[in-house]
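The values are calculated or read from the model by the stated rules, or taken from the named source; none is laboratory data. Since the structure is predicted, the reported quantities are computational estimates derived from the model, not experimental observations. Cβ coordinates were reconstructed from backbone atoms using ideal geometry, including for glycine residues, and neighbour counts include every protein chain displayed.
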DNA sequence: CCGCGACCTTGACCCAGATCAAGAGAACTT
DNA sequence: AAGTTCTCTTGATCTGGGTCAAGGTCGCGG
């Protein structure tokens, strides 16, 4: 659902009917057009749970605005975020009846949903869509495996730098500023959410962010507004060589 | 590529043309039949690298026998295994020109390969196959995310128990012994490979295996032959409730 | 039979990150 | 404006697992 590796921008609507109406005003006619009546928008507030793991899931859809997360929880309360859902990311799995993870709105979000049965019918009629879904799922798989390296082998500092890189990159693809080399964005996650994503505690997240600030790798205004003066430096800190890794 | 979550046995050939000739002698006529000439078998010895990350990859295929692994490596040598390829698991990604990870033969392996271009042509002609591939990719994605929880939040002991559970389960689905409740199998991985999969060092792996043996959770004969007297106990040690988690 | 190399085990010590604890901002209610 | 709550920071201390080091076991080739 997240698409860090390829970083496909959200507006490639011609070849991406799924993302169509959810994010792109340009597209006016499409297969999905015929689906009106089975398509609906839905809003959730920050902190609300969209679906609980194990629940019946009778829709698929994509995030229009805001950020949601996929989370797994153990009985004793330990939690691990397994995916970030940014605008244009797809939610739900054709052919599966129930949700495998909790989906939680991290900020206020709007989702564009399709009832699952008709969507699946359309998938069978329209091979194009199945192909596109396969493509997207492979992207998600790459992102998940990239993240396994982060979780298994990187230090806390590298983990933070990796996360900031990904967010910076996603943000940059939306708000391109070709004139200036520095990248500015707002962190869409609390320290706790970052910790859940990185397999750390929130205290460690806080300390490492402070350390990166102290070392001039990033600058902070308030708690959430981040400036990255030198992206190459941040990538080095993430343990990726500048042109490989997450940005390949 | 690995399929821990659903644990689909390797012989569902009627609905799984991809696995067809690679693993199942029953299937005699199929789309893939027509592909002879573009299909070939290949052997690798334990330790050999099948493909290097970044290399051009002009085939797809599946593992017939033996075990291979998908591995990522950082410049400084830290490595993380991101997938285990057991017999019947699929390798390669339609639509991608290069390999994203190193594929290494962990034991001697035989692979059944198809040249990629004709395979992709067939995929377009045969929607059935695209659907099946999507299904398999979703399974892999689930397995990868399951593993993110293991890497991010579990203790060393839980990690070992999780890995043993997965191997026991895969093995059990092949060599079902309905008469006895205890499960017996040979570890197909060195301590170092286990460490790379679990995000640990080989010393910690060794210590935790010793601890599980001392506590009667498993029994060892030699270094590789494992007996699990009580699977429920092992699952508890893995931090999964007995009927949830990896075995869901 | 011996020596060698691959694999594994165990011990001693150390450190990155967890845990526990205290408090500071900032955005709300009332 | 004062309280409340949510979020974040920072300090002090503890510990799980990493690191370094020293064998042990087994299979293989000479």
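Residue A:224: closer than 28 Å to residue A:47 by Cβ, within 11 Å of DNA strand D (Cβ to nearest atom), within 20 Å of the chain's Cα centre (by Cα) and at pLDDT below 95, yes or no?
Yes; evaluated as a whole, the condition is true for this residue.
With the requirement that a residue be within 7 Å of chain A (Cβ to nearest Cβ) and modelled with pLDDT of 95 or more, what does the range B:142-164 give you?
B:144, B:145, B:147, B:148, B:149, B:151, B:152, B:153
Considering only residues that are under 17 Å from the mean Cα position of the chain (by Cα) and either in contact (Cβ under 8 Å) with a residue 60 or more places away in the chain or within 30 Å of residue B:132 (Cβ to Cβ) (or both), which ones fall in the range A:46-65?
Listed by number, the residues that qualify are A:46, A:50, A:51, A:60, A:61, A:62, A:63.
Looking only at the range A:72-94, which residues are touching a residue at least 40 places away in the same chain (Cβ under 8 Å) and within 10 Å of chain B (Cβ to nearest Cβ)?
Of everything in the range A:72-94, those that are touching a residue at least 40 places away in the same chain (Cβ under 8 Å) and within 10 Å of chain B (Cβ to nearest Cβ) turn out to be A:79, A:80, A:81, A:82, A:83.
For (1) under 19 Å from residue B:71 (Cα atoms); (2) away from DNA strand D (no atom under 16 Å from the Cβ); (3) surrounded by fewer than 21 Cβ atoms within 10 Å (Cβ to Cβ), each residue gets a yes or a no:
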| site | (1), (2), (3) |
| --- | --- |
| A:111 | no, yes, no |
| A:115 | no, yes, yes |
| A:118 | no, yes, yes |
| A:123 | no, yes, no |
| A:127 | no, yes, yes |
| A:143 | yes, yes, no |
| A:148 | yes, no, no |
| A:155 | yes, no, yes |
| A:160 | no, no, no |
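Given the range A:52-133, what strands (runs of 3 or more DSSP E) lie entirely inside it while holding 3 or more residues that are touching a strand residue (DSSP E or B) at 6+ places or on another chain (Cβ under 7 Å) and under 18 Å from residue A:39 (Cβ atoms)?
A:59-65, A:109-115
Restricting to the range B:43-60, and then to whatever is away from DNA strand C (no atom under 16 Å from the Cβ) and buried (at least 17 other Cβ atoms within 10 Å of the Cβ), can you tell me which residue is farthest from residue B:114 (Cα to Cα)?
B:53
Which numbered condition in (1) modelled with pLDDT of 90 or more; (2) within 14 Å of chain A (Cβ to nearest Cβ); (3) within 14 Å of the chain's Cα centre (by Cα) is the only one that residue B:101 fails?
All conditions are met except number (3).
Looking only at residues in the range B:190-216 that are in contact with a strand residue (DSSP E or B) (Cβ under 8 Å, 6 or more places away or on another chain) and more than 10 Å from DNA strand D (Cβ to nearest atom), which one is farthest from residue B:163 (Cα to Cα)?
My answer is B:213.
How many of the residues making up the range A:165-213 are closer than 16 Å to residue A:84 by Cβ and modelled with pLDDT of 90 or more?
21
Kindly provide the set of residues from the range B:186-235 that are over 20 Å from residue B:66 (Cα atoms), crowded, with 19+ Cβ neighbours inside 10 Å, away from chain A (no Cβ under 14 Å) and near DNA strand C (Cβ under 8 Å from one of its atoms), ordered by number.
B:209
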